[in-house]
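See below for the structure under consideration.
The values are calculated or read from the model by the stated rules, or taken from the named source; none is laboratory data. In this text, all values refer to a predicted model and were calculated from it rather than measured experimentally. Cβ atoms come from the backbone with ideal geometry, glycine included; neighbour counts cover every protein chain shown.
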Amino acid sequence: MTNFSKTFHVLRKWKAKISLIIGIGVIGFFLYWIWNYGDEILGIFRKVEVSQIVVLVISISTSVILTAYALVILVRAKGHTSFKLSDSYHSLNFSQLASMIPGGIWGYAGFAGALWAKGIPKADSAIIIILHTLTMLSACAFVGVIGLASIFGWHYATAPLIPFLFLVLGRNLLDKVRKRIFPTSSGLPFTADLLKSLCLGIIVWLIMASCFTWFLFTIEGHDAIPFWTVAGAYTGGYLGGYLAIIAPSGLGVSEGLIALMLSSFINSEKALSIAISFRIVHVLVIWFNVLISVILTAKGIRKTQS
């Protein structure tokens with residue numbers, strides 16, 4: 001074995017441990033920052049009315065349900081017509097629970113396990129996860145394209161849309177590739193189903209971007225920064241955090257990128273505090289939905305056993 005091969009083997013062996021250590025470090029730094037800037041974060045929440053928090057909770061929960069429905073479209077398009085909205089809702093919630101573990105891969109593992117538990121074959125589960133991820137990321141990029149263009153230019157803003165366009169335009173060719181790689185899997189969803197899922201994803205990200213923008217406007221006022229610039233910064237921060245697999249759910253990375261992109265308009269520390277405060281609301285809503293899934297799933301198991 002060559003020295004390069006030995007080095008690669010060692011790095012591969014330690015990859016999971018290194019990712020876990022870095023991920024814990026990111027969480028530690030994130031919590032340390034919250035501890036040091038706790039007063040400023042509390043000051044932000046004091047400016048937000050209870051009624052606004054309620055609207056944010058309802059809106060974010062609506063985006064969770066719409067995301068689940070976008071997944072239903074893809075699963076049923078693969079021929080699994082018995083897959084229900086509740087199945088999709090629980091699968092996504094359990095994948096969110098797994099994604100909190102540092103290392104990047106655990107969210108997908110949890111997602112796959114949830115689909116297998118619903119009777120979706122492994123090959124189809126892998127394809128569905130890829131399609132759902134690609135669709136939702138493309139929708140995220142689509143919503144933020146105008147805002148990102150105002151910050152970075154159109155050539156950078158439109159780049160995230162290319163993979164989805166390739167999928168739609170080359171659907172028949174990719175289905176042939178699918179037959180070779182996953183011969184036991186069912187066919188790819190038709191273009192109409194992919195576009196339906198994308199449209200729902202766009203609605204989801206419009207809701208999320210609007211929630212964050214409204215939250216920021218409450219703190220800084222409507223004249224501080226244009227709506228689409230905030231929306232672009234939020235979606236751009238999410239995409240950056242998604243690519244940073246060492247950080248669980250992009251924790252810390254997304255907020256840092258949002259603050260960086262908004263630093264030309266408002267103080268970077270203030271922007272970071274607002275982004276972290278919104279993340280706290282978002283995480284609490286996600287965990288609330290996860291709790292609902294745990295309770296309903298446990299009840300379903302008890303009914304089956306009895």
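Assorted remarks:
- Meets criteria (buried (at least 16 other Cβ atoms within 10 Å of the Cβ), under 15 Å from the mean Cα position of the chain (by Cα), at pLDDT below 85 and small (G, A, S)) for A112: no
- Counting only helices (runs of 4 or more DSSP H) that sit wholly inside region 164-281, those with at least 1 residues that are closer than 19 Å to I60 by Cβ are 191-220, 227-243, 253-262.
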